Amino acid sequence: MASLSAQRLLLGAAFIVAGELCFATMGVGIRIVSQELPNAMVVFGRNMIGLLILGPWLLRRGLTDLRTSVPGLHLLRAAAGVSAMYCFFYALAKMPLAEAMLLKLTAPVFMPLIAVLWLREQVTALLWVAVGIGFAGVVVILEPDLAAEGGAALAGVSPVALVGLAGGLLAALAKVTVRRLSRSEPAARIVFYFALIAGTISAAPLLWDWQTPSASALLWIAAIGGCATLGQLALTRGLSLAPASRMGAFGYSAVIFGAAYGWLLWDEPITWHVIGGSLLVAVGGLLAGHAKRPVPARRTPAAAAIRGAGGAGAG
């Protein structure tokens, strides 16, 4: 039994790492295609490819019972998820890949705060320590000018980095909303409404920001959507094999892959503030995962898939 458990942990870790490699590869595609297409086109294309890939699964699950008593929560989840995607994709196009990937992974730092304010979840002392460490990592990544005149908190911080950080906050809101939805909504219904609302929201900006993509851009869009979907599936499989608290550390492999891609393809340096910030955010995220919190009633592998995609392709 011990050997079987160890095998499941190893296999789960392999799936998580493979998923994060897919997400980092998606980041490369976003960086490249964003040189030709505006952010709105990239987000819309990613959503459409994801819908085409997930469509058959949704149909097999059956969509006869689409009535919901919480339409507002579905709208909030989709709006937060798509907004996180806009922020994340923009950061990927403008920032070093390692930093952009790391800012996406700040979502676990924000989630306890949102859960306390909204869901009234109890927070342990360990969780507050985890949040503090995580935010210390965020400060290291953003590199604010602490000696700025007047003590302006955001002095010297790159506006692009703030957009990426906003993406982490919005992704956290989306994931907490899914936690709330999972109390009463089945997985297929949550996925369906996200796909429908996210596709509609991301299509709206094309009315004024449409640009006909080239053949190569279409291929990159397809690759972005494929990598995002494969990453979500791999993440789901990994979480079904082992507890999320045991797998959390492997999620930060996305930063390593992002740094490697950035160094190989764009000669981006790996700085000490990225390394230090990564370690602090990772420690904060891992402590948050191990801190005891109330467990939602529905924690199925399908629900885990939705939580993993709470930012929608942010992952």
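For segment 77-133, taking the residues that are hydrophobic (A, V, I, L, M, F, W, C), outside any helix (DSSP H, G or I) and at pLDDT below 85, the one that is farthest from Ala228 (Cα to Cα) is identified as Val123. The residue list Pro213, Pro186, Pro269 contains one member that is of a type outside the set (Lys, Arg) and in contact with a Leu (Cβ under 7 Å, 6 or more places away or on another chain), which is Pro213. From Ala244, Ala249, Ala259, grab the single residue that is at pLDDT 80 or above, surrounded by 15 or more Cβ atoms within 10 Å (Cβ to Cβ) and not polar (S, T, N, Q). After applying the criteria, what remains is Ala259.
Here Val43, Val17 are screened, and the one residue that is modelled with pLDDT of 90 or more, under 30 Å from Val139 (Cα atoms) and either in contact with a His (Cβ under 7 Å, 6 or more places away or on another chain) or in a helix (DSSP H, G or I) (or both) is Val43.
Residue-level check: of (1) loosely packed, with under 15 Cβ neighbours inside 10 Å; (2) aliphatic (A, V, I, L, M); (3) in contact (Cβ under 8 Å) with a residue 24 or more places away in the chain, Leu21 misses just (1). Restricting Ile197, Ile190, Ile224, Ile201 to residues that are in contact with a His (Cβ under 9 Å, 6 or more places away or on another chain) and at pLDDT 85 or above narrows the list to Ile197. Scanning segment 48-76 for residues that are basic (Lys, Arg) and either within 18 Å of Ala204 (Cα to Cα) or loosely packed, with under 13 Cβ neighbours inside 10 Å (or both) returns Arg60, Arg67. Residue check: is Gly29 out of contact with any strand residue (DSSP E or B) (no Cβ under 8 Å at 6 or more places or on another chain), of a type outside the set (Asp, Glu), without any contact (Cβ under 8 Å) to a residue 60 or more places away in the chain and in a helix (DSSP H, G or I)? Here the answer is no, as Gly29 does not meet what is asked.
Scanning segment 77-107 for residues that are more than 18 Å from Leu173 (Cα to Cα) and surrounded by fewer than 24 Cβ atoms within 10 Å (Cβ to Cβ) yields Tyr90, Ala93, Lys94, Met95, Pro96.
The values are calculated or read from the model by the stated rules, or taken from the named source; none is laboratory data. Everything numeric here is computed off the predicted structure, so don't read it as measured data. Backbone-built Cβ (ideal geometry, glycine too); neighbour counts: all protein chains shown.
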